[in-house]
Amino acid sequence: MAPQMIFVNLPVKDLDASKAFFEKLGYSFNPQFSDDTAACLVISDTIFAMLLTEKKFQEFTAPGKEISDATKATEVLITLSAESREKADELADAALAAGATPAKEPMDMGFMYGRSFTDLDGHHWEVFWMDPAAAQG
């Protein structure tokens, strides 16, 4: 059985600016699923974010539903694991350097550590590391 994949769909105001932002974080895009209205952000072999222009995003939503303004309301938390505390810091620091803003203070529970940021459209991203020994109980 093939591993299950996830495609998180996010509306963006400026597709080119969003692509440039995520490229600065070291991510790439799958051109097979990208055009002038959408970009398939490759996060891992099984995790993707579809960055869609607001017009394109609206085509996928239920009729009459408005697109949330992520700068004013939280519609989703996108959480990614990191292989170490340092890797969590690297991604968060790269995001901030590329124009993101901090979403909240870093979280440090000893066995678990996390950072957060909001991207150019206000989408809330979390990146965290958990001690593998703690995860095993």
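The values are calculated or read from the model by the stated rules, or taken from the named source; none is laboratory data. What you see is a predicted model; the values in this text were computed from it and never measured. For neighbour counting, all protein chains shown are included, and Cβ atoms are generated from backbone atoms with ideal geometry for every residue, glycine included. For the accessible areas, the whole protein counts, side chains as well, though only heavy atoms, and no ligand, DNA or RNA atoms are used. Shrake-Rupley method; radii C 1.70, N 1.55, O 1.52, S 1.80 Å.
How high is the relative contact order of the chain, in percent, counting Cα pairs under 8 Å that sit 6 or more residues apart?
Dividing the mean separation by the residue count of the chain yields 22 percent.
For every helix of n ≥ 4 consecutive DSSP H residues, a contribution of -39,500 (n - 2.57) applies; sum these over the chain, divide by its total residues, and give [θ] at 222 nm rounded to the nearest 500 deg cm²/dmol.
Result for the chain, helices only: -7000 deg cm²/dmol.
Could you name the aspartates and glutamates whose alpha carbon sits less than 13 Å from that of Lys55, not counting residues in the same chain fewer than 8 places away?
In chain and number order, the partners are Asp14, Asp36, Glu66.
Of the DSSP beta bridges with both residues in the chain, give the percent that are antiparallel, rounding to the nearest 5. Walk me through the numbers on the way to the answer.
Working: 19 of 31 bridges.
The antiparallel fraction comes to roughly 60 percent.
Between Glu54, Glu66, Glu23, where does the largest GNM mean-square fluctuation fall for the chain, given springs only between Cα atoms within less than 10 Å?
Per the Cα network of the chain with a 10 Å cutoff, Glu66 tops the list.
Any idea what angle helix 15-24 forms with the longest principal axis of the chain, computed on alpha-carbon atoms, 0 to 90 degrees, nearest 10?
Roughly 20 degrees, rounded to the nearest 10.
What part of the accessible area of the stretch 1-133, given as a whole %, is carbon or sulfur when the probe is 1.4 angstrom?
Heavy-atom surface of the stretch 1-133 belonging to carbon and sulfur, 1.4 Å probe: 54 percent.
Please give the per residue accessible area of the chain, computed with a probe of 1.4 Å over protein heavy atoms only, in Å². Working shown, then result.
Working: 8380 Å² over 137 residues.
Per residue, the chain has 61 Å² of solvent-accessible surface.
Where does the charge balance sit around Leu10 when Lys and Arg score +1, Asp and Glu -1, over other residues with C-beta under 10 Å from its C-beta?
-3
Connecting C-alpha atoms closer than 10 Å in a GNM of the chain, tell me which of Ala88, Ala20, Ala39 has the biggest fluctuation.
Ala20
Between Lys87 and Met107, what is the spin-label point distance in nm, taking each point 7 Å from the Cα along the Cα→C-beta axis?
The two pseudo-label positions are separated by 1.9 nm.
Just to make sure I understand: if all protein chains stay in place, what is the order of Lys56, Lys13, Lys87 by accessible area at 1.4 Å, largest first? Could you put the intermediate results ahead of the total?
Values: Lys56 55, Lys13 145, Lys87 85 Å².
Solvent-accessible surface, decreasing: Lys13, Lys87, Lys56.
Measure nothing fancy, just the Cα-based angle from helix 85-97's long axis to the longest principal axis of the chain, in degrees from 0 to 90, nearest 10.
Rounded to the nearest ten degrees, it is 40.
With labels modelled as points extended 7 Å from the Cα through the Cβ direction, what inter-label distance (nm, one decimal) is found for Ala20 paired with Asp35?
With each label placed 7 Å out from Cα toward Cβ, I get 2.4 nm.
Step through the residues of the stretch 113-129 one at a time and calculate ³J(HN,Hα) from phi using the Karplus curve (6.51 cos²θ - 1.76 cosθ + 1.60, θ = phi - 60°), rounding each to whole Hz and writing x for Gly and Pro.
So the J values, rounded to whole Hz, are 9, x, 10, 9, 7, 10, 6, 4, 9, x, 5, 8, 10, 10, 10, 9, 10.
What lysines sit close enough to Lys104 to cross-link, taking a C-alpha to C-alpha distance under 17 Å and skipping anything fewer than 8 places away on the same chain?
Lys72
Which of [x] 41, 37, 31; [y] 50, 49, 27; [z] 45, 40, 28 is the computed Cα extents along the principal axes in Å for the structure on display?
Given [x] 41, 37, 31; [y] 50, 49, 27; [z] 45, 40, 28, the calculated one carries the label [z].
Who wins for biggest fluctuation among Pro11, Pro31, Pro63 in a Gaussian network model of the chain, springs between alpha carbons below 10 Å?
Ranking Pro11, Pro31, Pro63 by mean-square fluctuation puts Pro63 first.
Can you put Met112, Met5 in order of accessible area, largest first, using a 1.4 Å probe?
Heavy-atom accessible area, descending, gives Met5, Met112.
May I ask you to rank Ile6, Ile67 by accessible area, largest first, using a 1.4 Å probe over the protein chains only?
Putting Ile6, Ile67 in descending order of accessible area: Ile6, Ile67.
Rounded to the nearest 20 debye, what is the charge dipole size of the stretch 30-132 about its Cα centre when +1 sits on each Lys and Arg Cβ and -1 on each Asp and Glu Cβ?
About 220 debye.
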